[in-house]
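The values are calculated or read from the model by the stated rules, or taken from the named source; none is laboratory data. Since we're looking at a predicted model, the values are computed, not measured. We work out accessible area using only protein heavy atoms, side chains counted, and drop any ligands, DNA or RNA first. Shrake-Rupley method; radii C 1.70, N 1.55, O 1.52, S 1.80 Å.
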Amino acid sequence: MIETDRLILRAFRDEDRAPFAAINGDPRVADWLGGVRDRAASDELVDRINANIARLGYDFWAVERKTDGVLVGMIGLRLELHDPPAPCVEMGWRLAFEAQGQGLATEGAKAALDWGFSNLDVEEILAWTATTNIASQSVMRRIGMVADPSRDFDHPRLAEDHPLRRHVVFVARPGSA
């Protein structure tokens with residue numbers, strides 16, 4: 001578990017499934033991530049995340065807002081073995097639309113990044129997003145990540161004409177944040 005001033009990052013609980021499915025089903029959130037997920041796909045994601053947390057000690061953690069205990073999304077690190085620029089440790093986040101624009105992604109991502117460099121034997125942590133996702137790129141910059149255009153890529157799971165296919169890659173190294 002990771003605590004910040006306003007957030008608790010932890011494994012998902014059964015009571016998180018419905019609110020997390022609502023986040024994953026919201027097109028305002030999911031459109032940046034290749035589309036909405038139904039409840040079954042959302043639950044499968046929770047199961048996969050929690051299995052990785054049990055096995056590795058980390059993945060995308062559930063994000064609980066301290067003031068009211070509400071699940072507002074997920075933030076964390078995961079071992080990426082498939083999509084470019086794998087293999088690597090990837091930093092990522094997904095917040096409910098209502099929780100966006102409040103600095104929560106930056107706060108939680110910074111804490112997760114610090115945790116990663118304190119607990120994992122890695123020389124770098126990467127993050128990526130669509131070239132048009134300026135908000136996520138701003139979070140990456142605020143937590144000390146730097147663009148690495150040599151690693152930019154076309155996302156292999158998106159069609160060639162998909163508007164989000166081109167992705168930019170950011171890198172953080174110990175001491176850079």
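Annotations for the structure displayed:
- The chain, accessible area per residue, ligands and nucleic acids excluded (1.4 Å, Å²): 50 Å²
- For the stretch 98-140, the alpha-carbon radius of gyration amounts to 1.30 times the rule-of-thumb value 2.2 N^0.38 Å expected for a compact globular protein.
- Across all C-alpha atoms in the stretch 20-177, the radius of gyration and Dmax reach 14.9, 43 Å.
- Amide H within-cut-off set for residue 155, under 5 Å, with H built and near neighbours excluded: 166, 167
- Put simply, the amide H of residue 60, placed in the peptide plane, has neighbours under 5 Å in 77, leaving out anything fewer than 5 places away on its chain.
- Estimated [θ] at 222 nm from DSSP helical runs (n ≥ 4, -39500 (n - 2.57)) normalised by residues in the chain, nearest 500: -9500 deg cm²/dmol
- Portion, in percent, of the accessible area of the stretch 19-167 that falls on carbon or sulfur, probe 1.4 Å: 51 percent
- A Stokes-Einstein calculation at 10 °C with viscosity 1.306 mPa s, built on the Kirkwood radius of the stretch 72-114 over Cα pairs, returns a diffusion coefficient of 143 µm²/s.
- Remark: accessible surface ordering of 176, 42, 118 (largest first) is 118, 176, 42, probe radius 1.4 Å.
- Two-decimal ratio, the stretch 115-167, of alpha-carbon radius of gyration to 2.2 N^0.38 Å: 1.31
- Accessible-area ranking of 75, 134, largest first, probe 1.4 Å: 134, 75
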